[in-house]
Amino acid sequence: MSGRSESTRPYVLLSCAASIDGYIDDASDQRLLLSNEDDLDRVDAVRASCDAILVGAGTVRRDNPRLLVRSASRCAERVAAGRPESPAKVTLTAQGDLDPTARFFTAGESTRLVYCATGALEKTRERLGRLATVVDAGEPVDPGWVLTDLAVRGVRRLMVEGGGTVHAQFLAAGLADELHLVVAPFFVGDGRAPRFVGEGRFPWHPGRRARLAEARQIGDVVLLRYALSERFTDVPPPPAAHEAGGSPHSG
């Protein structure tokens, strides 16, 4: 499957936090906390501004994310605007090896979409068909086609939260419009740990540098905001609650 145009696909915002040496996790069984509460609240504000949040199946298995808007006031604002409390949840899978009890499927009332490789479609629909809409996304899964299908479903703004393989796919294919990269103030230093992206041929290189649109200190981390396409606008991302005069929410 293939085919999409810049005018029809959603605006794609990639979001990632990494150590100084570029790792998004360590090699232990425990999730590595790279961000801080103020930055997590900023991420929550960005989530609330989007129509859907996408993660890879590996992230669903490893991190078991809820992918919900945490702030009650932001949920209320979305509902008042005629939108669901939280964006739709989207994942990509080659094998369909997803646990139906994962919080991706059980937390909240969001629409859930699973884009699955053709070869695993029947198995995935048997396992997850009552919990999510399982969509044949080609063999292998084609991120460009996924974006076209999401646009048909009304998604205008998509937040991609990882992991590294998914980020690399969108970046290498030139399907990203904006990158939010948060740098944590420490090193991981373990080659077994996953990095932000692995090897690949990316549109940005020494001869074509990405444009840094913003650098912002948020407590002990730094947000680097990159413009990756002509669709990027200089409208800043939504502020965290503490920047807007409120207080961070949790949940």
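The values are calculated or read from the model by the stated rules, or taken from the named source; none is laboratory data. What you are looking at is a predicted structure, and each value in this text was computed from that prediction instead of being measured. Ideal geometry is used to build each Cβ from the backbone, glycine not excepted, and the neighbour counts take in all protein chains shown. Side chains included, ligands, DNA and RNA excluded: accessible areas come from the protein's heavy atoms. Shrake-Rupley method; radii C 1.70, N 1.55, O 1.52, S 1.80 Å.
What 222 nm value per residue comes from the helices of the chain, counting each DSSP H run with n ≥ 4 as -39,500 (n - 2.57) and dividing by all residues, nearest 500 deg cm²/dmol?
One gets -6500 deg cm²/dmol as the mean residue ellipticity at 222 nm.
Subtract the Cα-Cα distance of Glu37 and Arg156 from 0.36 nm times their separation in residues, and report this length gain in nm to one decimal. Please report the intermediate quantities before stating the final value.
Working: separation 119, 0.36 × 119 = 42.84 nm, distance 2.78 nm.
Contour length minus the Cα-Cα distance gives 40.1 nm.
Go through 29-36, 156-163, 93-100 and give me the packing order, highest mean Cβ count within 10 Å leading.
On the way: 29-36: 13.5, 156-163: 22.2, 93-100: 16.8.
For the peptides 29-36, 156-163, 93-100, the packing ranking is 156-163, 93-100, 29-36.
Determine the order of Thr233, Thr124 by accessible area, beginning with the largest, at a probe radius of 1.4 Å. Let's see the in-between values first.
Working: Thr233 75, Thr124 0 Å².
These residues rank, largest area first, as Thr233, Thr124.
Arrange the peptides 125-131, 86-92, 168-174 so that the one whose residues have, on average, the most other Cβ atoms within 10 Å appears first.
Values: 125-131: 15.4, 86-92: 25.1, 168-174: 18.9.
By packing density, highest mean first, the sequence is 86-92, 168-174, 125-131.
When all protein chains stay in place, what accessible area (Å², nearest 10, 1.4 Å probe) is found for Cys16?
Only protein atoms counted, so the area is about 20 Å².
Taking the full set of protein chains and a 1.4 angstrom probe, give the accessible area of Phe105 in square angstrom, rounded to the nearest 10.
10 Å²
Considering just Cα atoms, how many Å³ per residue does the convex hull of segment 108-225 enclose?
Details: hull volume 20.8 nm³, N = 118.
Dividing the Cα hull volume of segment 108-225 by its residue count gives 176 Å³.
Please give the Cα centre distance for segment 54-112 versus segment 18-44, rounded to the nearest Å.
Each part's Cα centre sits 19 Å from the other's.
Provide Asp234, Asp177 ordered by accessible surface of protein heavy atoms (probe 1.4 Å), highest first. Don't skip to the end; give the middle numbers.
Working: Asp234 105, Asp177 0 Å².
Descending accessible area places them as Asp234, Asp177.
From largest accessible area down, sort Arg66, Arg208, Arg112, Arg78; use a 1.4 Å probe on the protein chains. Each step should come with its number before you reach the end.
Details: Arg66 75, Arg208 115, Arg112 45, Arg78 10 Å².
Descending order: Arg208, Arg66, Arg112, Arg78.
Quote the Stokes-Einstein diffusion coefficient, in whole µm² s⁻¹, for the chain, based on the Kirkwood radius over alpha carbon pairs, a temperature of 10 °C and a viscosity of 1.306 mPa s. Walk me through the intermediate numbers first.
On the way: Rh = 18.6 Å.
Translational D for this selection: 85 µm²/s.
Gaussian network model of the chain, Cα springs within a sub-10 Å range: biggest mean-square fluctuation belongs to which of Ala213, Ala72, Ala117?
Ala72
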